[in-house]
Amino acid sequence: MNTEPTRIATLEVVLSAVANLDDPAARLRALARLRTEVDELDEQIRTVLRDTISEARSGESKRTWSEIGDLLGVSGSRAEQLSRIQP
């Protein structure tokens, strides 16, 4: 089941709601909380990305850096760099 579009739409709805808060102090507090949550999600994305690249590089269907780069929309050398990212 692919929930990516739903998740992205949910984040956009939350950001819109925060942006429309009347009180700047409340908006700043909400933005700080949202930024923390996004940072935590980014760490999770980095971990899953690194693990998925590693999986794609191993096994019978071993993919080249160029193939992985194409799947990610980046160059092969960038894909190789992403395989070494730390969360």
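Any residue at all in the range 63-73 that is more than 30 Å from residue 15 (Cα to Cα), part of a loop (DSSP other than H, G, I, E, B), modelled with pLDDT of 95 or more and among the charged types (D, E, K, R)? Checked the range 63-73: at least one residue is more than 30 Å from residue 15 (Cα to Cα), part of a loop (DSSP other than H, G, I, E, B), modelled with pLDDT of 95 or more and among the charged types (D, E, K, R). Checking residue 56 against (1) assigned to a helix (DSSP H, G or I); (2) surrounded by fewer than 14 Cβ atoms within 10 Å (Cβ to Cβ); (3) in contact (Cβ under 8 Å) with a residue 12 or more places away in the chain; (4) not charged (D, E, K, R): exactly one of these is not met. Which one? Here residue 56 clears every test but (2).
The set of residues in the range 44-53 that are surrounded by fewer than 12 Cβ atoms within 10 Å (Cβ to Cβ) and either touching a residue at least 24 places away in the same chain (Cβ under 8 Å) or of a type in the set (Gly, Ala, Ser) (or both) contains only 44.
The values are calculated or read from the model by the stated rules, or taken from the named source; none is laboratory data. This structure is a prediction, so every number in the text was calculated from the model and none was measured. Here the Cβ is made from the backbone with ideal geometry for all residues, glycine too, and neighbour counts use every protein chain on show.
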